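Below: the structure, in structure tokens.
Readers should treat all values here as calculations from the given coordinates under stated rules, not as data from a laboratory. From a predicted model like this one, the values you see are computed outputs, not experimental measurements. FYI the Cβ positions are ideal-geometry reconstructions off the backbone, even for glycines, and counts take in every protein chain you see.
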Amino acid sequence: MNTWDDLEMELIKWSDQGVSATFWWRDDDAIDQTPALHRLYGYSRKYGVPLTLAVIPRDARLQLCTGSGVPGNLRLVQHGYAHVNHAPKSDKKSEFGLHRDLGMIINDVSSGLAILKKFPHFFPSFVPPWNRVDPDLYDDMLNSGIHGISTFGSRGNREPIPGLVQANTHVDIIDWHGTRGFAGVGLVCKQIIDHLVARRTKKCDFREPTGILTHHLVHDDECWRFLDVLFGKLGGHSAVRWLDGTEVFTA
Ligand SMILES: [Zn+2]
């Protein structure tokens, strides 16, 4: 377990080396304007932290990203197609594994892309539901117009295939296998620090920004309180640079 002080100590090491610790923020499962999404937008505006919102195309409503309150640095990316599991019960949940006819799978990618292209702030990157996608689909995804991919855990290569940039998340604030609520300050700080240390010591790709993953629709009070403190501490931190959803997949 780690503390806020441990995180500050790690960031001082980045400062001492004269490099910025890059971060990005991805929130999943948006389909509509809700009080929780409004709150999320408020955090992005208040702390100046760019928000990348993974939107489920099939059910998405245009109003989720139009009107007042939408942060200026918002980017939308594609979150699967329908967020439906196609894996057999014995496997982990997945919408974009090789469980179906290839044509059907790629049609879902293209259909989702066509829907979201009509939304302002959209950038053509793909976040597979449950962070699972079969890499054999990457060529077809790229040919469909997808230029970025994002799952969970340190990436292997910046471009798993030429032209497709991978930028993952590394910090999940929710304890999915236990309480399904906030995972706790100690554990979440540990995830942040572990990735920063691995980058700084070149045990993983130094250039991959540390990705904070949230799910606004299931946040309990503690999740919100944590984000308030996190963004309060790191929003304007001199050692930290927040990337928006375009920079993440092009920088
Ligand atoms: Zn999801």
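Packing here is the average count of other Cβ atoms within 10 Å per residue, and on that basis the peptides 121-127, 81-87, highest first, run 121-127, 81-87. Taking the Kirkwood radius as Rh and the Cα radius of gyration as Rg, region 60-111 has a ratio of Rg/Rh equal to 1.13.
Take the Cα of D16, step 7 Å toward its Cβ, do the same at V197, and the gap between the two points is 1.5 nm.
In a simple Cβ point-charge model (Lys, Arg +1; Asp, Glu -1; nothing else charged), region 1-148 has a dipole of about 580 debye relative to its Cα centre.
Restricting region 152-185 to trypsin sites (Lys or Arg not before Pro) that sit in a DSSP loop and have at most 14 other Cβ atoms within 10 Å of their own Cβ leaves R158, R180.
Relative contact order (percent) for the chain, with alpha-carbon contacts under 8 angstrom and 6 or more residues of separation? Could you put the intermediate results ahead of the total?
Values: 474 pairs, mean separation 68.8, N = 251.
So the answer I get is 27 percent.
The magnitude of the dipole of the chain, with charges of +1 and -1 set on the Cβ of Lys/Arg and Asp/Glu and taken from the Cα centre, is near 320 debye.
Site pair M104 and F206 shows an inter-label distance of 4.7 nm when each label is modelled 7 Å from Cα along Cα→Cβ.
Which FRET efficiency value, to the nearest 0.05, do you get for K89 and W176 by plugging their Cβ-Cβ distance into 1/(1 + (r/R0)^6) with R0 = 22 Å? With a Förster radius of 22 Å, E is 0.75. From least to most packed, judged by other beta carbons within 10 angstrom and beginning with the fewest, F152, F182, F23 follow the order F152, F182, F23. Using only the alpha-carbon atoms, how far is helix 102-116 inclined from the longest principal axis of the chain? Give it as 0 to 90 degrees, nearest 10. Roughly 60 degrees between the two axes. Take 228-234, 162-168 and order them by the average number of nearby Cβ atoms within 10 Å per residue, most first; the result is 162-168, 228-234.
In the chain, the longest principal axis of the Cα atoms and the axis of helix 35-47 are about 50 degrees apart. Neighbour counting of Cβ atoms within 10 Å sorts the residues V77, V19, fewest neighbours leading, into V19, V77.
Rounded to 0.05, the FRET efficiency of the D59 and I161 pair, given R0 = 41 Å and the Cβ-Cβ distance, is 0.90. The charge dipole of region 1-65, taken about its Cα centre with unit charges on the Cβ atoms of Lys, Arg (+1), Asp and Glu (-1) only, comes to about 420 debye. With the charge dipole of region 1-148 set up from +1 on Lys and Arg Cβ and -1 on Asp and Glu Cβ about the Cα centre, the Cα lying farthest toward the positive end among the listed residues G67, F126, T34 is that of G67. Taken one residue at a time, the phi angles of region 54-70 give Karplus couplings (6.51, -1.76, 1.60, θ = phi - 60°) of 8, 10, 7, x, 4, 9, 6, 10, 4, 5, 5, 10, 10, x, 6, x, 6 Hz. Gly and Pro are set to x. Projected label points at E8 and T66, each 7 Å from Cα along the beta carbon direction, are separated by 4.6 nanometres.
Rounded to the nearest 10 degrees, the angle from helix 4-16 to the longest Cα principal axis of the chain is 90 degrees.
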